[in-house]
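For reference, the structure is listed below as structure tokens.
The values are calculated or read from the model by the stated rules, or taken from the named source; none is laboratory data. Remember, predicted model here, so these are calculated numbers, not experimental data. Virtual Cβ from ideal backbone geometry, glycine too; neighbours counted across all protein chains shown.
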């Protein structure tokens, strides 16, 4: 190869840059979609954590309430005899 010989002509370089630009645009769109999906996932995860906390609270409140009602009814049964 001589020193004056070009590897690519101007048209080929222009087409390559156009292709790269198009690929970068598509990549930016995919990245925006990915960010939106991650944001939605994080929101859902927070809701799951909140719901899990509520369920854990109910898991100890319900048995305590049932036991308390049993004691109340037992006491009422002895009082009202």
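Spot the failing condition for residue 57; the list is (1) at pLDDT below 95; (2) over 30 Å from the mean Cα position of the chain (by Cα); (3) surrounded by 10 or more Cβ atoms within 10 Å (Cβ to Cβ); (4) assigned to a helix (DSSP H, G or I), and only one is missed.
Of the numbered conditions (1) at pLDDT below 95; (2) over 30 Å from the mean Cα position of the chain (by Cα); (3) surrounded by 10 or more Cβ atoms within 10 Å (Cβ to Cβ); (4) assigned to a helix (DSSP H, G or I), the odd one out for residue 57 is (2).
Of 10, 19, which residue is without any contact (Cβ under 8 Å) to a residue 60 or more places away in the chain and under 40 Å from the mean Cα position of the chain (by Cα)?
Answer to the selection: 19.
May I ask you to verify whether residue 5 is out of contact with any helix residue (DSSP H, G or I) (no Cβ under 7 Å at 6 or more places or on another chain) and exposed (fewer than 10 other Cβ atoms within 10 Å of the Cβ)?
The answer is yes for residue 5.
Would you mind finding the one in 75, 36 that is in a helix (DSSP H, G or I), surrounded by 10 or more Cβ atoms within 10 Å (Cβ to Cβ) and under 43 Å from the mean Cα position of the chain (by Cα)?
36
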